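Beneath this line is the structure, given in structure tokens, with notes to follow.
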């Protein structure tokens, strides 16, 4: 059984209330958190951490975002996706012979298989932005070995260590290089084959599905399976850097981003203060048709990135309604984007369980 390191109970500034009906519905729970103010541990202006948060338990799990590379889907399909928080990208090659691929053959693709190139076509080299598991950059793994191509893999960037000016973010450090990979299906397991571009032999590792998780994660740094996400029902949103799309200009890295656990039916939508007041909003005010199932339901819409002479800040005048993995409804209001010194990567939000 996997264990998630660095999970800890957040400080709760609101009084936690216990609902009798919720205790009856979830007898294994000591309580369902009604309200809290949360300061996610993003790690400052380099935003080194991916922070998984669960509303009903008010817990967070932290992992450094360059500690993994590929994630292997644990559902029915055999799909593999990329770590886009470090700007990875990939392209299928014609070859099925991993040892036949080398730098000379693929170096003409180095400037193409990348993010942030302002080329609209580079969206083909990353996963679906909305989190559709059926639309990954790597094709579904085929039962017939000869149908599974070699992929050129851009490993993206290490977490940066330089300190940016106040109000800015330094996300990308040194480039991590390239790999060639091929993924096969062996009964109900994945077989990952991988090597550096000019290697004439390759390594293999079996990747097993675990039904308790959305994905099994693999790191080329350690050549091992690594713990990243909590169990699939035990997180709702993730603060992360995210490879998104600028329509017409291709992929682009977004900082201060929030994705939702759409694979476990977490949904959200924004509410304008012109229509409702956060404090008086109740469950009866929820409009089910407004929920967005995309993992980008919150995305970057909660903040303004700033610009010349303008500091980054939380977007005023809106809050969010979220339906979590257990079917509870929460209202969420983001209160800060930076710490008191103006340093990015120090957000704060408050949330409340909605009631009739």
Report task. Would you mention how many residues in the stretch 119-132 are in contact with a strand residue (DSSP E or B) (Cβ under 6 Å, 6 or more places away or on another chain) and over 21 Å from residue 178 (Cα atoms)? Result -> 2
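Would you confirm whether or not the stretch 20-28 contains a residue that is under 24 Å from residue 353 (Cβ atoms), surrounded by 15 or more Cβ atoms within 10 Å (Cβ to Cβ) and modelled with pLDDT under 95?
Taking the stretch 20-28 and keeping what is under 24 Å from residue 353 (Cβ atoms), we get 20-28.
Adding the requirement that they be surrounded by 15 or more Cβ atoms within 10 Å (Cβ to Cβ) leaves 22, 26.
If we keep only those that are modelled with pLDDT under 95 as well, we get 22, 26.
Yes, that holds for at least one residue.
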Query raised in the report: Do we have any residue at all in the stretch 172-180 that's assigned to a loop (DSSP other than H, G, I, E, B), surrounded by 18 or more Cβ atoms within 10 Å (Cβ to Cβ) and assigned by TED's automatic domain parsing to the domain that holds residue 138?
Result: yes
Query raised in the report: Hey, residue 186 hits all of (1) without any contact (Cβ under 8 Å) to a residue 60 or more places away in the chain; (2) surrounded by fewer than 18 Cβ atoms within 10 Å (Cβ to Cβ); (3) closer than 17 Å to residue 69 by Cα but one; which does it fall short on?
Result: (3)
Query - Conditions (1) in contact with a strand residue (DSSP E or B) (Cβ under 9 Å, 6 or more places away or on another chain); (2) surrounded by fewer than 20 Cβ atoms within 10 Å (Cβ to Cβ); (3) touching a residue at least 60 places away in the same chain (Cβ under 8 Å); (4) part of a loop (DSSP other than H, G, I, E, B); number of the one not met by residue 343 - result: (1)
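Looking only at the stretch 301-315, decide whether some residue is under 21 Å from the mean Cα position of the chain (by Cα), in a loop (DSSP other than H, G, I, E, B) and touching a residue at least 60 places away in the same chain (Cβ under 8 Å).
no
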Requested in this report: Go through (1) at pLDDT 95 or above; (2) surrounded by 18 or more Cβ atoms within 10 Å (Cβ to Cβ); (3) part of a loop (DSSP other than H, G, I, E, B); (4) at negative phi one by one and return the number of the condition residue 36 breaks.
Outcome: (3)
Query raised in the report: Could we say that residue 221 is surrounded by 13 or more Cβ atoms within 10 Å (Cβ to Cβ), out of contact with any strand residue (DSSP E or B) (no Cβ under 6 Å at 6 or more places or on another chain) and over 23 Å from residue 299 (Cβ atoms) here?
Result: yes
Query raised in the report: Can you tell which of 293, 251 is within 16 Å of residue 84 (Cα to Cα), assigned by TED's automatic domain parsing to the domain that holds residue 319 and in contact with a strand residue (DSSP E or B) (Cβ under 9 Å, 6 or more places away or on another chain)?
Result: 251
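Among the listed residues 161, 136, identify the single one that is in the same structural domain as residue 96 (by TED's automatic domain parsing), assigned to a loop (DSSP other than H, G, I, E, B), farther than 24 Å from residue 305 by Cα and modelled with pLDDT of 95 or more.
Being in the same structural domain as residue 96 (by TED's automatic domain parsing), assigned to a loop (DSSP other than H, G, I, E, B), farther than 24 Å from residue 305 by Cα and modelled with pLDDT of 95 or more holds for just one of 161, 136, which is 136.
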Query raised in the report: List the pairs whose first member sits in the stretch 323-335 and is assigned by TED's automatic domain parsing to the domain that holds residue 303 and closer than 12 Å to residue 236 by Cα, whose second member is in a strand (DSSP E or B) and modelled with pLDDT under 95, and whose Cβ atoms are under 8 Å apart, counting only residues at least 6 apart or on separate chains?
Result: none
Query raised in the report: Within the bounds of the stretch 241-248, is there any residue that is in contact with a helix residue (DSSP H, G or I) (Cβ under 6 Å, 6 or more places away or on another chain), in the same structural domain as residue 123 (by TED's automatic domain parsing), within 30 Å of residue 55 (Cβ to Cβ) and at pLDDT 95 or above?
Result: no
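Would a scan of the stretch 216-235 turn up a residue that is under 18 Å from the mean Cα position of the chain (by Cα), assigned to a strand (DSSP E or B) and more than 24 Å from residue 177 (Cα to Cα)?
So the first thing to find is which residues in the stretch 216-235 are under 18 Å from the mean Cα position of the chain (by Cα), and the list is 216-219, 225-235.
Applying the additional criterion that residues be assigned to a strand (DSSP E or B) yields 216-219, 225-226.
Subsequent filtering for residues that are more than 24 Å from residue 177 (Cα to Cα) retains none.
Taking every residue of the stretch 216-235 in turn, none turns out to be under 18 Å from the mean Cα position of the chain (by Cα), assigned to a strand (DSSP E or B) and more than 24 Å from residue 177 (Cα to Cα).
Being surrounded by fewer than 22 Cβ atoms within 10 Å (Cβ to Cβ) and in contact with a strand residue (DSSP E or B) (Cβ under 8 Å, 6 or more places away or on another chain): is that true of residue 327 here? Before you say what the answer is, go through the steps one by one.
Working: surrounded by fewer than 22 Cβ atoms within 10 Å (Cβ to Cβ): yes; in contact with a strand residue (DSSP E or B) (Cβ under 8 Å, 6 or more places away or on another chain): no.
Here the answer is no, as residue 327 does not meet what is asked.
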Report summary line: Checked the stretch 117-133 for anything touching a residue at least 12 places away in the same chain (Cβ under 8 Å) and assigned to a loop (DSSP other than H, G, I, E, B); matches are 117, 118, 119, 126, 127, 129, 130, 131, 133
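Tell me yes or no: at least one residue of the stretch 89-98 is under 24 Å from residue 169 (Cβ atoms), part of a strand (DSSP E or B) and touching a residue at least 60 places away in the same chain (Cβ under 8 Å).
As a first pass, look at the stretch 89-98 and keep what is under 24 Å from residue 169 (Cβ atoms): 89.
Those left that are additionally part of a strand (DSSP E or B): 89.
Subset that is touching a residue at least 60 places away in the same chain (Cβ under 8 Å): 89.
Taking every residue of the stretch 89-98 in turn, at least one turns out to be under 24 Å from residue 169 (Cβ atoms), part of a strand (DSSP E or B) and touching a residue at least 60 places away in the same chain (Cβ under 8 Å).
Please enumerate the residues belonging to the stretch 58-85 that are touching a strand residue (DSSP E or B) at 6+ places or on another chain (Cβ under 8 Å) and in a loop (DSSP other than H, G, I, E, B).
Just the residues of the stretch 58-85 that are touching a strand residue (DSSP E or B) at 6+ places or on another chain (Cβ under 8 Å), to begin with: 58-74, 78-85.
58, 65, 66, 67, 68, 69, 74, 78, 79, 83, listed by residue number.
The values are calculated or read from the model by the stated rules, or taken from the named source; none is laboratory data. Computed from a predicted model, the values in this text were never measured in an experiment. Heads up, the Cβs are rebuilt from the backbone with ideal geometry, glycines too, and the neighbour counts pull from every protein chain shown.
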